[in-house]
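Notes for the one structure printed next.
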Amino acid sequence: MKSPSDRTSSRKSLPETDVCPELASLGFFKSQRLLALRHRGLLNPEEIDEYIALGGYAALPKALFDMTPEEIVDEVKTSGLRGRGGAGFPTGIKWELARNAESKSGSKYVVCNADEGDPGAFMDRSLLEADPHAVLEGMVIGARAMGASEGFVYVRDEYPHAVRMITRAIEQAEDYGLLGSDILGSDFDFRVSVVRGGGAFVCGEETALMASIEGREGRPRPRPPYPSQSGLWGCPTNINNVETWANIPCIVERGGEWYSGIGTKESKGTKIFSLVGKVVNTGLIEVPMGMTLREIVFDIGGGVPRGRKFKAVQSGGPSGGCIPESLIDLPVDYEELAKAGAIMGSGGLIVMDEDTCMVDLARYFVSFLEEESCGKCVPCREGIKRMREILTDIVEARGKEGDIERLEELAYAIKEASLCGLGKTAPNPVLTTIRYFRDEYESHVLHKRCPAKVCKAMIVYRVVPERCTGCQRCVQVCPVNAISGPRSQPHNVDLDKCIKCGACYEICKFDAIAGDAIYIE
Amino acid sequence: MNGLTILLGTASAEVKAKLSGVLQGEGYDVDSAGLAPDLFARLGERTLDLVLLSDDLAETNVLDLTTRIHDLHPKLPIVVVATEPSVRDAVEAIKHGAYYYLEASIPDSDLLDVIAGALELELELIEEAEHRRARRLVSFEDLESIEAIDSIMRRHDFASSRLVGVLQDIQKEMRYLTHDALRHVAGRLGIPLPRVYSVATFYKSFSLKPRGRHTVSVCLGTACHVSGGVGILEKLERELGIKAGETTFDERFSLESVRCVGCCGLAPVFVVDEDFHGKVTQEEIASILENYE
C-alpha cells in the first residue's frame, strides 16, 4: 500500500504533458453533471465497502436519526425532484400521499420500478449494475419517510446481470445491518426483495407492475384508486423509478435547496439520457435539465457519423415523439418536450440521420405497441392494430389518399379513450412524425417514394460504377448470388434475384452500392 | 410389401384364406396360428405390428386371449373379428384391451380402414415415445422432474404470489413449460389451472413449446432498428432456416426477437443465451453461431 505522500511524489514525476487527461476535460464529459451516476466507473458494485468508502450510506443515518419522516418528505418536496420514469410526477408529493394514507392491515410498500421497457433506454440497467447500493439507500430512506416495512425491486428478466448485482447488494446490506430489523440500531425495520419481470412492456405501468408482483398477469387497471391509496395487496404503495431512487441519497445529504438550484424552473436537477443511434459518442450521459438538444447531440454526442445529415431525435420511447432539426435548440425539460409533442420518458434519445425513414419508424413503434398492448381495452387493442395496418400499407407502397388523415383521426380516438398510459401515448410517434415530416408521408402515399431509401417496396439496389473498385466483398456476402462481376471491375446487381437484404450496402467500404428510390406505378 | 406384419389367429381355414388374401393384397405380411400356444410362440419370436384375432380358436375364449396378449404387449394393437358378434362381447373385448371389435361379415374395405387406423395409432405412440426420450422429457411419470419443480417452489416458499418467478425458474431448468408442469404447479400453489395458463401465456418470456439448447435473441429496440437490426434478424432466419419464434429441427437453436436488451450503444445487437454480440454485421453471423453446439 502506498502512503499518501508516495502518491503525490509519483504524480509529480509525471511529465508535464497530459498523459492521462482528467475526465472533465474530455468533450464527452465536459458539460455533464453526474449526480445519479456519481459513482459511475469508480466502484466495484459487488463490494459494499467501496460504496461506503466513497461516502455511501452517509445519508441514511441522517434520515434515520437527525430527521423526522415529515422532514424527509419536505426535503424531497423542496428539491423539486420529479419522477424519472417518464410521467414526471413530483416525487415529494407522491411520498406525502403514501405517508398520509391509512393502511387497513398496517402494511405499506415501496417499489423500485426497474422494468425498463422503452427500447433505446438503459439507464436503469446501468444504475442497478454499477451502483446498486445508491438505489437501495434511496429506498430505505423513502421507506422510512413513508412508514413502509417492505420493498420490492421489479427488474426485467432481460437484465440478468442487474438481477445478480442488486440481489448481492441486498445480501451485503443485510449483513451490515443496513437492511433488515432495527436498521443501524434504530427501531426501523425494512426488507427488500427482487422480483423479475416476465418480458411484458406494459408491466412498467404501475398498476400492471403491481399485478405482476402479486403473481398475476400484468394488466393495468383504471385509476383511481391510486397505488398510494390502494396498491400491493390493497395497501398504500409508492412506486418510483430506479433513477429517482438513486437521486434520493444526494438530496438528503446535501439538501433539497441545493438540488433545486440545478435545472430549470419546473424541472429540477439532472437527468440521465441514453444517447444512441446515429451519433458518434453513444452511451449514458447525465446533464442538468434545460440543456439544449444541440449541446447534447453535437457537443456531447459529437454529431452524426459518416458525414450524414442530422434529421431528428426520438425521445421518450414508444410513447414519445420525434423532434426535428428545426427544434434543435429546444431546452430539454419536461415542459418543453411535451410542447414539442414528445415526452421525457425514461430518457432515451435516439439520434436519426437522413438514412432513417420516419414513416418506417412510426410503423416500428406502432407495431411494437401493438404487440405489447395487453388487450384489455378496445381503443388500444384494436385502434393500434388499425394504425399499424395503414402504416404497413404506406411503407409497402399501397398507401391511399386520405390515409394520413385517417391516422390522425384514429390517433385522436386512441388517445382519448384508452385505459392506461400505454394506449394514451401510443399515437405520439405517429402524430409527431406527421406533424414534422408530413412531406415524407405524402411522398410515400402519393408518389410511392421513400426519400430515406429504407422502405424495401420502393427501392432497388444498384452498383455505382464510378465508385465500385471491384473488390468482390459484396459478391461474397450476397446470400442469393445476385451480384456478379470480375475482380477489379464494377459489379452488377441482378434485380430479379435480389431480395433487398442490404448486406451489400452494409459491407461496401466505398459507398458504391446505392439504394435508389424508384417510383412504383 | 409395406413392411408391416400382422399375426392372424384363427382355426378356420376359410377365415384364414379370406383374411390373408385381403391383407396380402394390401401389402401386409401375414403370419397365422390356429392354436393359442402357437400364437404366443409367434408373439415371442418376431416383431409384429398388429394382431387380428378370430373368435373361433379351439379351447380358448377370445376375450381371455386378448387380455393375455395385451398384458404382454400393451402397445400392440389387437383387432377382434367375431363370427358370432354380440354387443356384450364387443364391450368386453374393448375393456380387455382390444383396439377394435369387428363382425366377420364386414366389407373388406372397412376392415382395412380399421387396421390402417390401428397401425397409425401405434406409429403415433412410438413417435411420441421417441420424442419424449429424445428430449428427456419431463413427462410426469418422471419423478425427478417433480422433485425439481418442488424444490423450485420450495425456494419460493410455495407462495402463490411468486408464480411468475416459479415459472421462470422451471423454464430455465427445463427450457419450456409443459402442461404437466403447469398442472403440478397449479395444484401445489393452490392456484386454478386457467390462471396459471393465463400467466404463462401473458408474459413473453414463457414458452409452452419445446425450445432449443441455445436461444438466439435479436434486439429490435429503436437503436438497433435504425442501425440494421432487422437485417440481422433476416440473416439469422436464413442462416438457421427458421422464422423468429421457431426452433431448429435439431433443437440446437431457438430464434426470437426481443425489444431492447439495453445495450443500445452497441447496436445492432443479438444475444445467444447470455452472450451479447454487439455492432455485428450480417457477414459475421455464421461464424458466431459456430461457437454454440
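The values are calculated or read from the model by the stated rules, or taken from the named source; none is laboratory data. Predicted, not measured: the structure shown is a model, and the values here were computed from it. Here the Cβ is made from the backbone with ideal geometry for all residues, glycine too, and neighbour counts use every protein chain on show. Just the protein is used for accessible areas: all its heavy atoms, side chains included, with ligands, DNA and RNA removed. Shrake-Rupley method; radii C 1.70, N 1.55, O 1.52, S 1.80 Å.
Select from the range B:246-293 all residues whose loss of accessible area on going from the chain by itself to the full protein assembly reaches 30 Å² or more (probe 1.4 Å).
SASA drop of 30 Å² or more in the range B:246-293: B:ARG259, B:CYS260, B:VAL261, B:GLY262, B:CYS264, B:GLY265, B:GLU274, B:GLN282, B:GLU283.
Could you pull out which residues in the range A:244-276 have an amide N less than 17 Å from a spot 7 Å beyond the Cα of A:ALA338, following the Cα-Cβ vector?
Residues passing the 17 Å test: A:264-269.
Please give the FRET efficiency for A:LYS104 paired with A:SER149, using the beta carbon to beta carbon distance and R0 = 22 Å, rounded to the nearest 0.05.
That gives a FRET efficiency of 0.90.
What's the angle, to the nearest 10 degrees (0 to 90), between helix A:428-447's Cα axis and the longest principal axis of chain A?
Computed tilt is about 0 degrees.
Applying the Karplus parametrisation 6.51 cos²θ - 1.76 cosθ + 1.60 with θ = phi - 60° to the phi angles of the range A:36-44, what ³J(HN,Hα) value in whole Hz is obtained for each residue in order, glycine and proline being reported as x?
My calculation for the range A:36-44 gives 5, 9, 4, 9, 4, x, 9, 9, 8 Hz in order.
Which value, in square angstrom to the nearest 100, describes the accessible area buried between chains A and B on both sides, using a 1.4 angstrom probe? Walk me through the intermediate numbers first.
Details: alone 23140 and 16090 Å², together 35710 Å².
Looking at A and B, the buried total is near 3500 Å².
Calculate what fraction, in whole %, of the accessible area of chain B sits on carbon and sulfur atoms when a 1.4 Å probe is rolled over the protein chains.
Details: 7290 of 14240 Å².
Whole-percent figure for carbon plus sulfur exposure: 51.
When a/c is below 1.5 the answer is rounded, else prolate if a/b is larger than b/c, else oblate, so apply that to the range A:449-495 with a ≥ b ≥ c taken from the square roots of the Cα gyration tensor eigenvalues.
Taking the square roots of the gyration eigenvalues as a ≥ b ≥ c, the range A:449-495 is prolate.
Computed from the mean reciprocal separation of all distinct C-alpha pairs, what Kirkwood hydrodynamic radius does chain A have, in Å?
So the Kirkwood estimate lands at 25.2 Å.
Ordered by residue, what ³J(HN,Hα) values in Hz, to whole numbers, does the range B:7-16 give under the Karplus form 6.51 cos²θ - 1.76 cosθ + 1.60, where θ = phi - 60° and Gly and Pro are x?
3J(HN,Hα) across the range B:7-16, in whole Hz: 9, 9, x, 8, 9, 8, 5, 5, 4, 4.
Using a simple spin-label model with points 7 Å from Cα along the Cα→Cβ vector, what separation in nm is obtained for A:LEU42 and B:SER151?
4.4 nm
Of all the accessible heavy-atom surface of the range A:24-79, with the other protein chains kept in place and a 1.4 Å probe, what percent is carbon and sulfur?
54 percent
Rounded to the nearest 500, what is the 222 nm mean residue ellipticity of the protein assembly as shown from helices alone, with -39500 (n - 2.57) per DSSP H run of 4+ residues and division by all residues?
-12000 deg cm²/dmol
Hey, quick one: spin label on A:GLU257, modelled 7 Å out along Cα-Cβ, who in the range A:56-93 has an amide N within reach, i.e. under 13 Å?
Taking a point 7 Å out along Cα→Cβ of A:GLU257, the residues of the range A:56-93 whose backbone N falls under 13 Å are A:75, A:78-79.
Apply the Karplus curve 6.51 cos²θ - 1.76 cosθ + 1.60, θ = phi - 60°, to the phi angles in the range A:300-309 and return the couplings in whole Hz, x for Gly and Pro.
Karplus values, whole Hz, x for Gly and Pro: 7, x, x, x, 8, x, 6, x, 6, 8.
Under the rule of at least 5 residues apart or a separate chain, name every residue whose amide H is placed under 5 Å from the amide H of B:LEU102.
B:VAL80, B:VAL81, B:ALA82
Report, to the nearest 10°, how far helix A:403-417 tilts away from the longest principal axis of the Cα atoms in chain A, using its own Cα long axis and a range of 0 to 90°.
Taking the Cα atoms of chain A, the angle to A:403-417 is about 20 degrees.
Could you please report the charge total around A:ARG406, scoring K, R as +1 and D, E as -1 over all other residues with beta-carbon less than 13 angstrom from its beta-carbon? Walk me through the numbers on the way to the answer.
Details: positive: A:ARG386, A:ARG388, A:LYS400; negative: A:GLU389, A:ASP393, A:GLU401, A:ASP403, A:GLU405, A:GLU408, A:GLU409.
Overall, the nearby charge balance is -4.
First compute the accessible area of the range A:409-499 with a 1.4 Å probe, then give the percent of it belonging to carbon and sulfur atoms.
Working: 2280 of 4570 Å².
Of all accessible area on the range A:409-499, carbon and sulfur atoms account for 50 percent.
Full extension from B:ASP250 to B:ASP31: what is 0.36 nm times the residue separation minus their Cα-Cα distance, to one decimal in nm?
Details: separation 219, 0.36 × 219 = 78.84 nm, distance 3.86 nm.
Length gained, B:ASP250 through B:ASP31: 75.0 nm.
Magnitude of the Cβ-charge dipole of the protein assembly as shown, K/R +1 and D/E -1, about the Cα centre, nearest 20 debye?
2940 debye
Expressed in nm to one decimal, what extension gain is obtained for the pair A:ARG467 and A:PHE65 from 0.36 nm per residue of sequence separation less their Cα-Cα distance?
137.5 nm
No solvent, one uniform scatterer per C-alpha: report log10 I(q)/I(0) for the range A:209-331 via the Debye equation at q = 0.10, 0.20 1/Å, two decimals.
-0.49, -1.11
Can you work out the accessible area per residue across the protein assembly as shown, with the rest of the protein chains kept in place, probe 1.4 Å, in square angstrom?
With all protein chains present, the protein assembly as shown gives 44 Å² per residue.
Using only the alpha-carbon atoms, what does the range B:5-131 span along each of its principal axes? Please give whole angstrom values in decreasing order.
Answer, in whole Å and largest first: 41, 30, 30 Å.
Enter the angle in degrees (range 0 to 90, nearest 10) between the Cα long axis of helix B:36-45 and the first principal axis of the Cα atoms of chain B, meaning the one along which they spread out most.
Rounded to the nearest ten degrees, it is 30.
All other residues with a Cβ under 10 Å from the Cβ of A:LEU37 taken together, and with Lys, Arg as +1 and Asp, Glu as -1, what is their net charge?
Residues near A:LEU37 contribute 0 overall.
In Å and whole numbers, how far do the C-alpha atoms of the range A:83-161 stretch along each principal axis, longest first?
Largest first, the range A:83-161 extends 38, 23, 20 Å along its Cα principal axes.
Please give the residues from the range B:177-203 for which the solvent-accessible area of heavy atoms, probe 1.4 Å, is smaller by at least 20 Å² with all protein chains in place than with the chain isolated.
B:ARG195, B:SER198, B:VAL199, B:PHE202, B:TYR203
Want the number for B:SER287 to B:ALA17: 0.36 nm per residue separation, take away the alpha-carbon distance, what's left?
Gain on extension, B:SER287 to B:ALA17, equals 90.8 nm.
Amide H neighbours of A:ILE483 under 5 Å, at least 5 residues apart or on other chains, H built in the peptide plane: list them.
A:ASP494
Which percent of the Cα-Cα distances in the range A:270-353 go past 16 Å?
41 percent
Protein chains only, probe 1.4 Å: how do A:ARG221, A:ARG33 rank by accessible area, largest first?
Final ranking, largest accessible area leading: A:ARG33, A:ARG221.
Starting from the Cα of A:LYS309, move 7 Å in the Cα-to-Cβ direction to define the label point; list residues of the range A:421-450 whose amide nitrogen is under 16 Å from there.
Taking a point 7 Å out along Cα→Cβ of A:LYS309, the residues of the range A:421-450 whose backbone N falls under 16 Å are A:437-441, A:443, A:450.
Mean 1/r over all different Cα pairs, inverted: what Kirkwood radius does the range B:171-280 give, in Å? Can you show the working numbers first?
Values: mean 1/r = 0.0663 Å⁻¹.
One decimal place: 15.1 Å for the Kirkwood radius.
Give the relative contact order (percent, whole number) for the range B:143-202; include only Cα pairs under 8 Å separated by 6+ residues. The partial results should precede the final answer.
Working: 35 pairs, mean separation 19.5, N = 60.
Contact order relative to length: 32 percent.
What residues have an amide H closer than 5 Å to that of A:LYS311, excluding those fewer than 5 places away on the same chain, when H is modeled at 1.01 Å from N in the peptide plane?
Hits under the 5 Å cutoff: A:MET352, A:ASP353, A:GLU354.
Where does the Debye-calculated log10 I(q)/I(0) of chain B sit at q = 0.16 Å⁻¹, using only Cα point scatterers of equal weight, no solvent?
Treating every Cα as an identical point scatterer, log10 I(q)/I(0) equals -1.10.
With a 1.4 Å probe on protein heavy atoms only, tell me which residues of the range A:179-206 lose at least 20 Å² of accessible surface in the complex relative to the chain by itself.
Residues passing the criterion (a loss of at least 20 Å², heavy atoms only) are A:ARG196, A:GLY198, A:GLY199, A:ALA200.
Using a basic spin-label model with each label point 7 Å from the Cα along Cα→Cβ, how many nm lie between A:GLU389 and A:ALA58?
6.2 nm
Note down the relative contact order for chain A as a percent, whole number, built from C-alpha pairs under 8 angstrom at least six residues apart.
Value for chain A: 13 percent.
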